[in-house]
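The values are calculated or read from the model by the stated rules, or taken from the named source; none is laboratory data. Because the structure is predicted, anything quoted here is derived from the model rather than measured. Cβ atoms come from the backbone with ideal geometry, glycine included; neighbour counts cover every protein chain shown. Accessible surface areas use protein heavy atoms only, side chains included; no ligands, DNA or RNA. Shrake-Rupley method; radii C 1.70, N 1.55, O 1.52, S 1.80 Å.
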Amino acid sequence: MTNELHIIGGGMAGSEAAWQAAQAGIPVVIHEMRPQVGTFAHQTGNLAEMVCSNSFRSDDDEQNAVGLLHWEMRQAGGLLMEMADLHQLPAGGALAVDRDAFSEAVTERLRAHPLVRVEAGEITGLPDQGHWIIATGPLTSTALGQAIQAETGADALAFFDAIAPIVYFDSIDLSKAWFQSRYDKGDTHEERTAYLNCPMDRDQYEAFIDALLAADKAEFHEGETAGYFDGCLPIEVMAERGRETLRHGPMKPVGLTNPHQPDVKAHAIVQLRRDNKLGTLFNIVGFQTKMKYGAQTEVFKTIPGLENASFARLGGIHRNTFINSPTLLDDQMRLKSRPSIRFAGQITGVEGYVESAAMGLLAARLAVAEITGKTLPPVPDTTATGALMTHITGGADAKTFQPMNVNFGLFPPVTGLKAGRRGRKDRYKAYTDRAKADWLAWLAA
């Protein structure tokens, strides 16, 4: 069918793109290579499988850019936000989900849609006709990656992404660990007790840093280099940048009081977040790692409360590929050299589940407009979605381009407001108020 939309990749971006197009009346084919062709990080053949974390991060749509992106996707009828809300877990001010239930629900909804079909199998080359969206994510197959490189004449950029370990709850020592969200954040008791906390004194922290630095690390293959994305650094790489780095990052001891020793202030605190609805699994927050498996169990069991920890999954590291979008894509997210192909999701150089899904949503709407002969007005760069799109399609410096989470630094400034930290609350509220009005106007148009 000439108006059929083909989507390569059934991750966050591909799933959201398929839903948006099908809801607009366009037949969709999702080409997903899993489970026939697996990856290092994925465990199933389900669509929208969450790999690195089960968190969509902050859900605050007034003071946080990613929370604003949640809001925009909800207003646009986003499938992933709907399923995330249905399978939400307590996580303080964050939106965390039961990752298995979430993925299964997305898969079920898409497979049940009369205009969506899923075809298993790997696409190894670039299509030369039809309407296509490539949303293969950070683990684009070698064959397709080589085809993209051959077409663009540019080397694919790459960095390394690391996965945090998951612990069985019943193996955590609750005589040492306790439930509390930082600063008791949250409206309900569940939200205010969404995290498990493991305290360390100074000696324990110093011994932990020593163990991290001495641990055996995964080796890279010949020709690979470790160009990490700063938002997802392995903990041992953070430790290499300074012994206090982790205390000011994922192990910061602020906003928490140990009920076992309320008069003793911890030197550092390791947090774990619920990973499934049953509460049987907890992931160690911010503990992405490239340590070898044996070293991981040895090092992590030095954490108070995790001495007898049993791991459902250990951390890992994988190659994460993305294209130089500011050079290769036009303002409709199309490949300049082959306009029948759009790119969406993490392969475009956005970072994060929500950002990837948002670019899938936008790519689909642009494709639907093209297929149906309509013209969409430009997406306002004052919105979270538009700011991300502007960044990857020309706003970023192509020479220094690297994956980017949504943040207010990508937005045009709001004039007449106080700069600096003291004016930040009013400034962020102004950003989100303006974005919401502009997004609703764009959707209506």
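Of 92, 45, which residue is touching a Pro at 6+ places or on another chain (Cβ under 7 Å) and closer than 26 Å to residue 313 by Cβ? Lay out the reasoning, then the answer.
Numbers: 92 fails: touching a Pro at 6+ places or on another chain (Cβ under 7 Å).
Selected residue: 45, the only one of 92, 45 that is touching a Pro at 6+ places or on another chain (Cβ under 7 Å) and closer than 26 Å to residue 313 by Cβ.
Residue check: is residue 288 in contact with a strand residue (DSSP E or B) (Cβ under 6 Å, 6 or more places away or on another chain), part of a loop (DSSP other than H, G, I, E, B) and touching a residue at least 40 places away in the same chain (Cβ under 8 Å)?
yes
Of the residues 217, 277, which is modelled with pLDDT under 95 and touching a His at 6+ places or on another chain (Cβ under 8 Å)? Give the derivation first.
Working: 217 fails: touching a His at 6+ places or on another chain (Cβ under 8 Å).
Being modelled with pLDDT under 95 and touching a His at 6+ places or on another chain (Cβ under 8 Å) holds for just one of 217, 277, which is 277.
Identify, from the list 382, 393, the residue that is part of a helix (DSSP H, G or I) and surrounded by 14 or more Cβ atoms within 10 Å (Cβ to Cβ). Steps first, answer last, please.
Numbers: 382 fails: part of a helix (DSSP H, G or I).
Exactly one of 382, 393 is part of a helix (DSSP H, G or I) and surrounded by 14 or more Cβ atoms within 10 Å (Cβ to Cβ), namely 393.
Scanning the range 196-206 for residues that are outside any loop (DSSP other than H, G, I, E, B) and open to solvent by 30 Å² or more (accessible area, probe 1.4 Å), which turns out nearest to residue 265 (Cα to Cα)? Write out each step before concluding.
Of the range 196-206, the ones outside any loop (DSSP other than H, G, I, E, B) are 196-200, 202-206.
This time we only want the ones that are open to solvent by 30 Å² or more (accessible area, probe 1.4 Å), so: 202-204, 206.
On the way: 202: 10, 203: 13, 204: 14, 206: 16 Å.
Out of the qualifying residues, it is 202.
Hey, can you tell me all the residues within the range 350-379 that are open to solvent by 30 Å² or more (accessible area, probe 1.4 Å), of a type in the set (D, E, K, R) and at pLDDT 95 or above?
Quick first cut of the range 350-379, residues open to solvent by 30 Å² or more (accessible area, probe 1.4 Å) only: 353, 365, 370-378.
Okay, now just the ones that are also of a type in the set (D, E, K, R), so 365, 370, 374.
Matches in the range 350-379: 365, 370.
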Contacts under 8 angstrom Cβ, first residue in the range 422-438 being without any contact (Cβ under 8 Å) to a residue 24 or more places away in the chain, partner surrounded by 14 or more Cβ atoms within 10 Å (Cβ to Cβ), 6 or more apart
423/417; 426/417; 427/408; 427/414; 427/417; 430/414; 430/417
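Of the residues that make up the range 12-34, is at least one among the acidic types (Asp, Glu) and surrounded by fewer than 23 Cβ atoms within 10 Å (Cβ to Cβ)? I'd like the intermediate steps shown before the answer.
Pass one, the range 12-34, residues among the acidic types (Asp, Glu): 16, 32.
Okay, now just the ones that are also surrounded by fewer than 23 Cβ atoms within 10 Å (Cβ to Cβ), so none.
No, because not a single residue in the range 12-34 is among the acidic types (Asp, Glu) and surrounded by fewer than 23 Cβ atoms within 10 Å (Cβ to Cβ).
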Which listed residue, of 129, 146, is touching a residue at least 12 places away in the same chain (Cβ under 8 Å), open to solvent by 50 Å² or more (accessible area, probe 1.4 Å), over 19 Å from residue 50 (Cβ atoms) and not charged (D, E, K, R)
129
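Here is a yes/no grid of residues against (1) at pLDDT 90 or above; (2) under 17 Å from residue 395 (Cβ atoms); (3) in contact with a strand residue (DSSP E or B) (Cβ under 8 Å, 6 or more places away or on another chain):
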{"residue": "307", "(1), (2), (3)": "yes, no, no"}
{"residue": "313", "(1), (2), (3)": "no, no, yes"}
{"residue": "316", "(1), (2), (3)": "no, no, yes"}
{"residue": "331", "(1), (2), (3)": "yes, yes, no"}
{"residue": "338", "(1), (2), (3)": "yes, no, no"}
{"residue": "348", "(1), (2), (3)": "yes, yes, yes"}
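Can you tell me how many residues within the range 396-421 are assigned to a loop (DSSP other than H, G, I, E, B), without any contact (Cβ under 8 Å) to a residue 40 or more places away in the chain and open to solvent by 50 Å² or more (accessible area, probe 1.4 Å)?
So the count comes out to 7.
I'd like the full set of residues that are closer than 24 Å to residue 297 by Cβ and open to solvent by 40 Å² or more (accessible area, probe 1.4 Å), limited to the range 235-285. First the steps, then the outcome.
Within the range 235-285, the subset closer than 24 Å to residue 297 by Cβ is 235-240, 243, 245-247, 249-251, 266-276, 278-285.
If the condition is that a residue be closer than 24 Å to residue 297 by Cβ and open to solvent by 40 Å² or more (accessible area, probe 1.4 Å), then 240, 243, 245, 247, 274, 278, 280 are the ones that fit.
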Can you find even one residue in the range 307-322 that is farther than 30 Å from residue 400 by Cα, open to solvent by less than 10 Å² (accessible area, probe 1.4 Å) and assigned to a loop (DSSP other than H, G, I, E, B)?
yes
Going through the range 181-195 in order, the residues found to be within 13 Å of residue 257 (Cα to Cα), in contact with a Lys or Arg (Cβ under 6 Å, 6 or more places away or on another chain), buried (at least 17 other Cβ atoms within 10 Å of the Cβ) and not aromatic (Phe, Trp, Tyr) are 181
